[in-house]
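Taking it in order: structure first as structure tokens, then the write-up.
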């Protein structure tokens with residue numbers, strides 16, 4: 001089923017790097033229709049399965065519960081005011097309670113979401129992050145979708161949810177977060193790079209058009225994004241590469257499109273960042289290379 005029964009026409013939001021639908025307002029979103037009481041603290045984990053066909057984007061919203069967004073098939077992009085996360089197969093985004101966010105995808109996805117009670121969510125990361133979903137947790141999530149909310153304290157379903165929470169507490173973030181600066185001079189640069197990630201101009205070149213010195217821009221990148229300008233651009237290319245490769249694009253085409261002089265240079269960056277070549281990384285993720 002779909003969350004709203006329709007797909008909105010999309011345009012590019014350079015600031016967020018997501019496909020933005022016709023409605024971009026922000027609102028509290030009660031959890032989608034589901035049998036049972038999703039706010040019942042006796043059910044600390046509320047599973048929900050939704051399949052989306054084609055491109056789609058939900059408007060800005062937040063939930064009272066925390067949310068683990070996992071796509072059993074397809075690639076999602078999740079955006080907040082703090083940044084953008086690309087979620088390839090066998091990965092998930094952890095979204096703490098109350099955080100405004102958007103979820104978009106360019107192709108169909110099989111979304112398998114776990115809504116986590118706010119009291120339990122305190123034991124999970126305070127900030128949004130991408131985490132790898134190992135094989136055990138994947139099977140637990142899929143089993144939770146079968147159980148749904150039809151469980152009571154002490155039941156087999158409740159024990160399953162407890163094991164899921166134990167596994168979530170063990171997860172560690174992966175380096176697929178693209179932070180968003182607030183300074184207007186940096187935003188001008190990052191928005192241009194989001195539109196054209198292959199742009200290889202040095203920070204000194206950007207400084208001439210930004211109204212700030214190269215030194216000032218370098219300091220601001222570290223202060224607002226937690227990384228240098230060069231590291232931010234590399235992270236941008238990495239996140240876009242993961243999304244495009246997981247959708248089946250060839251390594252060579254992605255490498256040249258993102259501004260690398262050769263596929264080998266791109267593969268070296270990918271391995272340095274994620275610990276594997278693109279082919280091995282995507283095979284572990286269950287996607288086509």
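The values are calculated or read from the model by the stated rules, or taken from the named source; none is laboratory data. Keep in mind that this is a model prediction, so the values were computed, not measured. Cβ sites come from the backbone with ideal geometry, for glycine too, and all protein chains shown count toward neighbours.
Structure summary
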item: Selection from segment 169-196 of residues that are touching a residue at least 12 places away in the same chain (Cβ under 8 Å) and under 30 Å from residue 44 (Cβ atoms); result: 169, 171, 172, 173, 174, 175, 176, 177
item: Looking only at segment 78-110, and only at residues there that are in a strand (DSSP E or B) and without any contact (Cβ under 8 Å) to a residue 40 or more places away in the chain, the one that is farthest from residue 52 (Cα to Cα); result: 95
item: Residue match in segment 180-189 (condition: closer than 28 Å to residue 67 by Cα and touching a strand residue (DSSP E or B) at 6+ places or on another chain (Cβ under 7 Å)); result: yes
item: Condition broken by residue 16, with the remaining ones in (1) surrounded by fewer than 20 Cβ atoms within 10 Å (Cβ to Cβ); (2) modelled with pLDDT under 80; (3) assigned to a loop (DSSP other than H, G, I, E, B) satisfied; result: (1)
item: Condition broken by residue 158, with the remaining ones in (1) exposed (fewer than 12 other Cβ atoms within 10 Å of the Cβ); (2) under 20 Å from residue 116 (Cβ atoms) satisfied; result: (1)
item: Residue in segment 277-286 that is over 24 Å from residue 91 (Cβ atoms) and under 18 Å from the mean Cα position of the chain (by Cα) present; result: no
item: Candidates 222, 251 - the one that is within 26 Å of residue 73 (Cα to Cα) and not assigned by TED's automatic domain parsing to the domain that holds residue 110; result: 251
item: Any hit, segment 203-225, residues being touching a helix residue (DSSP H, G or I) at 6+ places or on another chain (Cβ under 7 Å), touching a residue at least 24 places away in the same chain (Cβ under 8 Å), closer than 26 Å to residue 44 by Cβ and not in a strand (DSSP E or B); result: no
item: Qualifying positions in segment 226-238 - assigned to a loop (DSSP other than H, G, I, E, B) and under 20 Å from the mean Cα position of the chain (by Cα); result: 226, 227
item: Meets criteria (without any contact (Cβ under 8 Å) to a residue 60 or more places away in the chain, loosely packed, with under 14 Cβ neighbours inside 10 Å, in the same structural domain as residue 101 (by TED's automatic domain parsing) and outside any strand (DSSP E or B)) for residue 166; result: yes
item: Pick from segment 142-160, criterion touching a helix residue (DSSP H, G or I) at 6+ places or on another chain (Cβ under 7 Å), assigned to a helix (DSSP H, G or I) and in contact (Cβ under 8 Å) with a residue 40 or more places away in the chain, ranking: nearest to residue 96 (Cα to Cα); result: 144
item: From 75, 131, residue being touching a residue at least 24 places away in the same chain (Cβ under 8 Å), farther than 17 Å from residue 167 by Cα and within 13 Å of the chain's Cα centre (by Cα); result: 75
item: Some residue of segment 104-114 being modelled with pLDDT of 95 or more and either surrounded by fewer than 19 Cβ atoms within 10 Å (Cβ to Cβ) or touching a strand residue (DSSP E or B) at 6+ places or on another chain (Cβ under 6 Å) (or both); result: yes
